[in-house]
Amino acid sequence: MANVLKILRIAAVTICLYAGAAETAYCHPCQESLDSLKSAAISSKVKEYLDAIVAEPVEIQKQETDFLIGTCTDSLVRQAVALDIYSYYTESKVMGVEAVAVYVCDKWFIPGKIRMRSDMDLMGARMFAEFNRSSLIGMQAPEMVLKDSLGNDKRLFPLPDMAPDSIPDITADRRYRILYFYSTGCPQCKIETILLRNILENDDLPVDFYAIFTGRDREEWMRYTRLQMDIKTSRTRVFHLWDPHMESDFQIKYGILQTPGLFLVSPDGKITGRRLDAVTLEKLLKESLAPVEMEYGSAESSGFYDKLFQPFGDSIRCENITEIARHIEESAAGAGDTLLFKQMTGDLMYYLTNRRGAAYKCALDSLVHRQILSHPAWRTADDSLKVISFARILEDLLSKTREGSPVPGLKINGTLKRCSPGGAVVTKEGKFRLDKTGGKTNYIIFHTEGCPICKAEIAAADSLLSDGKKNIRILLIDMDMLFSAYPDQAQALFDAFDLTSMPLIISTDRKGTITGRYLSLVE
């Protein structure tokens, strides 16, 4: 898309410069014909440009309209381009792009940087901006107080800092909400009402439906709801509301200049659909409510976290990783993006699972408890399958042999190494109790044959003894040998220790209390 924009920008600069230069290149008698041709050429290029970027995010489209307008040095050409842009976005059928028209009004027309064709046009632009700016896609649904059929006040979408009062908030449940503004004498409303009733009854989705009557005749309203809107569902809750005294300002807040007006609001109160019809609403709802299947632990995510933690090197601490996990949680919460939180946190869990070292395992322990098992975001069947069930397995593994707990007093066949008073390394084969290896500091190394990291750690352990450290004991436990010769011992160790990746190195003191786990003697 970047290359396309570059090409289009060159074309846009060309047309603007050409149009400005053409102002003086022709004789006066031809001017009327020239103006018509020039206007058509500008409009054609503007439309070509805007068609090419219509799928881009709204913020990108705003930037590109500024570029288009700013490129034109001639005031008349700039005016023509700005008006074409405004018309394009006010007339577009693409949901959400009216935000660009509001932006152009606010930045160029309303401040007077570019004149519209007439004061009447400017007034119309002001009204368009005013009646749209509060209910654009992505904005928090505006607060309203409406009345039910009994005359009781009901509040919709209260502001976060609003002081509590006696008016009940009927949008408190975090479900998808449908706002349907209608009038009884509107032919299109009758069609949409029939379609909406069929959709809600047939699909029976877990949503709240707010049918808001925009008129003032209560008897007419009651008759209409009885005959046209008697919606029967088990999971969709239906609320019939109105504003007989026009005190809620729903017309400006939701831009209801005519009916019907159909909006979709997400569980976090953001407008996700506006100016919908019933068919588009159904499609949006099914897409929104469909379970999202996510994949975790990709090579791309692993590479991302490799780069993220690279600056810490071998000195990385548990706190460094947990701070990043908290930052992910807080940033996603601030943006209201649950999917982003779940994707990045799930990826981080899978990443930490495959990392060796006490810092990574400590951070994984924290992540499992704080950001996963105790967090409300994980509630779908997909979450249970790919994240929650795995997190519970990790919780069990990480709960084994915690620091400060006694090492299990199992008798296991292995190789015990120590430094003799004379400085020689003494090696003894046999069966040893894990809690009585005899040193002031003891390292128990669970390893397998053919494991390069295991060999490096055993070599590092040997170097400790070769330095003459007499208070150290090294107990080597070959899991491959145990599985073949002593399977009961191997099973007992798997029950007591996290042996999902090896080597596993733990340290104990003279009393057999665990002082460290997931260690590396190489580091």
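Couple of notes before you dig in:
- For the chain, Kirkwood radius (reciprocal of mean inverse C-alpha pair distance, Å): 29.4 Å
- Under 23 Å of direct C-alpha separation, and excluding same-chain neighbours fewer than eight residues apart, residue 470 reaches these lysines: 417, 428, 431, 436, 440, 455, 511.
- Rounded if a/c under 1.5, otherwise prolate or oblate - region 246-308, Cα gyration tensor axes: prolate
- Efficiency of FRET between residue 150 and residue 294 - r from beta-carbon atoms, R0 35 angstrom, step 0.05: 0.20
- Calculated accessible area for region 374-427 comes out at 52 Å² per residue, all protein chains present (probe 1.4 Å; ligands, DNA, RNA ignored).
- Residue-wise HN-Hα couplings along region 67-83, as the Karplus relation 6.51 cos²θ - 1.76 cosθ + 1.60 with θ = phi - 60° gives them from phi, are 4, 4, 5, x, 5, 7, 7, 7, 5, 5, 5, 4, 4, 4, 5, 4, 5 Hz; Gly and Pro carry x.
- Relative intensity, log₁₀ I(q)/I(0), of region 113-260 from a Debye sum that treats every alpha carbon as a point, q = 0.15, 0.20 Å⁻¹: -0.85, -1.37
- Once all protein chains are placed together, residue 60 keeps about 50 Å² accessible to a 1.4 angstrom probe.
- If you model region 383-523 as an ellipsoid using its alpha carbon gyration tensor, with each semi-axis the square root of five times an eigenvalue, the axes come out at 27, 16, 15 Å, biggest first.
- Taking all protein chains together and rolling a 1.4 Å probe, residue 292 ends up with roughly 70 Å² accessible.
- Based on DSSP H segments of at least four residues, each scored -39500 (n - 2.57), the chain has a per-residue ellipticity at 222 nm of -14000 deg cm²/dmol.
- Residue order by solvent-accessible surface for 109, 304 is 304, 109, largest first, with ligands and nucleic acids left out and a 1.4 Å probe.
- Heavy-atom accessible area, probed at 1.4 angstrom with all protein chains present, ranks 192, 330, 48 as 330, 48, 192, highest first.
- Shape call, region 279-419: gyration tensor on alpha carbons, a/c limit 1.5: prolate
- Computed from label points 7 Å out along Cα-Cβ, the spacing between residue 245 and residue 286 is 4.4 nm.
- Counting only protein chain heavy atoms and rolling a 1.4 Å probe, the accessible areas of 77, 58 rank, largest first, as 58, 77.
- Carbon/sulfur fraction of accessible area - the chain, other protein chains in place, 1.4 Å, %: 54 percent
- Per-bin percent of Cα-Cα distances, region 254-348 [10 Å]: 13, 31, 24, 17, 11, 4, 0
- Total formal charge among the other residues, if their Cβ is under 13 angstrom from that of residue 56, Lys/Arg +1 and Asp/Glu -1: -2
- Solvent exposure of residue 253, expressed as accessible area, is near 50 Å², computed with a probe of 1.4 Å over the protein chains only.
- Taking every alpha-carbon pair under 8 Å whose residues sit at least 6 apart, the chain reaches a relative contact order of 9 percent.
- Net charge of neighbours whose Cβ lies under 12 Å from the Cβ of residue 389, counting Lys and Arg as +1 and Asp and Glu as -1: -2
- Value of D in µm² per second that Stokes-Einstein yields for region 336-432, Kirkwood Rh from Cα pairs, at 25 °C (0.890 mPa s): 149 µm²/s
- Taking all protein chains into account, the per residue accessible area for region 66-205 stands at 49 Å² (1.4 Å probe).
- Extension gain for residue 436-residue 87 works out to 117.2 nm (0.36 nm per residue, less the C-alpha to C-alpha distance).
- Normalising the Debye intensity of region 176-264 to I(0), with uniform scatterers on Cα atoms only, and taking log10 at q = 0.21 Å⁻¹ returns -1.04.
- Computing Rg and the Kirkwood Rh from the Cα coordinates of region 76-172 gives a ratio, Rg/Rh, of 1.16.
- Charge dipole (debye, nearest 20) of the chain; +1 at Cβ of Lys and Arg, -1 at Cβ of Asp and Glu: 1680 debye
- Positive contributions from Lys and Arg (+1) and negative ones from Asp and Glu (-1), summed over other residues with Cβ under 14 Å from the Cβ of residue 230, come out at +3.
- Distance in nm between pseudo-label sites at residue 306 and residue 484 (7 Å out along the Cβ direction from Cα): 3.4 nm
- Cβ-Cβ FRET estimate between residue 424 and residue 320, R0 fixed at 51 Å, reported to 0.05: 0.80
The values are calculated or read from the model by the stated rules, or taken from the named source; none is laboratory data. Worth saying up front: this structure is predicted, and the values here are computed from it rather than measured. Don't worry about glycine lacking a Cβ; one is built from the backbone with ideal geometry, like all the others, and counts go over all protein chains shown. Ligands, DNA and RNA are excluded from the accessible area calculation, which covers all protein heavy atoms including side chains. Shrake-Rupley method; radii C 1.70, N 1.55, O 1.52, S 1.80 Å.
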